[in-house]
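A.B. asks: My structure is below; once you've seen it, I'll send some questions.
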Amino acid sequence: MHICMNWQALGFDWNHARAFLATAEEGSLSAAARALGSTQPTLGRQVAALEEALGVVLFERVGRGLELTPSGADLLAHFRGMGEAAGRAALSAAGRSEAVEGLVAITATNDVATYVLPPILRRLRQEAPGITYDVIASNAVSDLARREADISIRHARPDNPDLIARMVAHTEAGLFASTDYLEAFGRPRSKEDLTSARIIGFDREGRMVRHLQQKLGLPVTEASIVLSSESGSVAREMAAAGLGIAVLTRALAERGAALEPVLPGDVSFSIPVWLVTHRELHTSRRIRLVFDVLAEELARYSKW
């Protein structure tokens with residue numbers, strides 16, 4: 001049965017609908033412009049055009065931000081469904097691509113992107129020169145279903161059933177500090193000696209403190225965190241400057257200025273390395289090629 005869509009009856013431009021959806025989700029035109037790679041004036045004109053086409057006011061200005069009007073809130077669910085459908089269509093099309101060329105976006109933590117990926121990308125460029133790469137160096141978890149990235153390298157297994165995840169390696173981690181710090185504040189001989197230690201953390205939500213307490217039995221609290229950074233490289237340099245004890249992977253700790261392990265026999269743990277992609281994208285030849293090479297190289301990477 002052939003269904004003919006009355007396109008003129010839609011009454012609006014999809015780009016205008018996308019501008020409305022992004023503005024509603026981001027809370028302001030400026031944030032929406034950044035998310036879409038556009039400009040604030042352009043999005044403002046597109047939202048205004050959609051309001052004119054639909055004959056309703058979608059937003060009202062509150063302070064420096066925008067809030068949905070009742071009409072805008074009613075329409076948001078419908079436009080969000082359109083956006084999700086468009087995303088599924090893009091995923092399906094990408095999954096059916098047989099060309100070993102085009103863009104592949106890989107997201108990884110800052111440290112993996114900096115120290116691990118470059119030699120692997122050299123091999124990939126040699127084997128498939130038609131593929132280009134966008135490396136997203138961020139500790140934030142990208143939404144693969146919304147095409148924020150094609151492949152993710154992470155330290156936690158995703159719980160989304162639409163994602164394909166393969167654990168490809170483990171990296172060893174522990175506590176490290178500079179010789180200057182340890183000489184000034186004393187070398188811990190037991191876990192109890194860490195009660196008054198100055199710890200360099202990687203978050204302010206308490207995740208690291210809970211891990212150190214519950215998994216490793218360390219007597220640390222939020223008050224122990226004197227400095228923090230989501231970047232392991234930054235935390236490493238803070239430790240090298242004698243500012244405290246950092247939780248680092250062994251490979252990262254061994255780069256640059258010398259750091260000493262702290263209680264290496266008592267405080268060490270293994271961190272899994274997961275390679276993740278979307279189930280539909282895994283049928284794309286270029287995504288499959290990159291995924292498989294990453295899995296092979298990460299599994300045998302000698303500096304984890």
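A.B. asks: Got a sec? Which of Asp193, Asp203 is of a type in the set (Asp, Glu) and over 29 Å from Pro158 (Cα atoms)?
C.D. replies: From the options Asp193, Asp203, the qualifying one is Asp193.
A.B. asks: Are there any pairs, at least 6 apart or on different chains, whose C-beta atoms fall under 6 Å, with the first in region 286-303 and of a type in the set (Gly, Ala, Ser) and the second modelled with pLDDT of 90 or more and assigned to a helix (DSSP H, G or I), and if so, which?
C.D. replies: Qualifying pairs under 6 Å: none.
A.B. asks: Consider only pairs whose beta carbons are under 7 Å apart and that are at least six residues apart or on different chains; among these, list those whose first residue lies in region 177-192 and is in the same structural domain as Val247 (by TED's automatic domain parsing) and whose second residue is assigned to a helix (DSSP H, G or I) and surrounded by 12 or more Cβ atoms within 10 Å (Cβ to Cβ).
C.D. replies: From residues that are in the same structural domain as Val247 (by TED's automatic domain parsing), the pairs are Ala177/Ala239; Ser178/Ala239; Ser178/Ala240; Pro188/Leu194.
A.B. asks: Continuing with this model, one more query. Which residues, taken from region 167-211, are assigned to a helix (DSSP H, G or I) and within 25 Å of the chain's Cα centre (by Cα)?
C.D. replies: Those that are assigned to a helix (DSSP H, G or I) and within 25 Å of the chain's Cα centre (by Cα): Arg207, Met208, Val209, Arg210, His211.
A.B. asks: Say whether the condition of being modelled with pLDDT of 85 or more, under 28 Å from Trp274 (Cα atoms) and either in contact with a His (Cβ under 6 Å, 6 or more places away or on another chain) or not in a helix (DSSP H, G or I) (or both) is met by at least one residue in region 81-102.
C.D. replies: Yes, the conditions are met somewhere in region 81-102.
A.B. asks: With closer than 30 Å to Leu124 by Cβ, modelled with pLDDT under 85 and either surrounded by 12 or more Cβ atoms within 10 Å (Cβ to Cβ) or under 23 Å from the mean Cα position of the chain (by Cα) (or both) as the only criterion, which of Gly65, Gly37, Gly72 stands out?
C.D. replies: That would be Gly37, the only listed residue that is closer than 30 Å to Leu124 by Cβ, modelled with pLDDT under 85 and either surrounded by 12 or more Cβ atoms within 10 Å (Cβ to Cβ) or under 23 Å from the mean Cα position of the chain (by Cα) (or both).
A.B. asks: So, in region 149-166, how many residues would count as being in a loop (DSSP other than H, G, I, E, B) and of a type in the set (Lys, Arg)?
C.D. replies: Counting residues in region 149-166 that are in a loop (DSSP other than H, G, I, E, B) and of a type in the set (Lys, Arg) gives 1.
A.B. asks: Shifting gears a bit: For region 212-304, give me every one of the strands (runs of 3 or more DSSP E) that falls completely inside it and has 1 or more residues that are closer than 26 Å to Asp159 by Cα.
C.D. replies: Counting at least 1 such residues, we get 245-249, 268-278.
The values are calculated or read from the model by the stated rules, or taken from the named source; none is laboratory data. These numbers come from a predicted model, not from an experiment. Here Cβ is always computed from backbone atoms with ideal geometry, including for glycine, and neighbour counts include all displayed protein chains.
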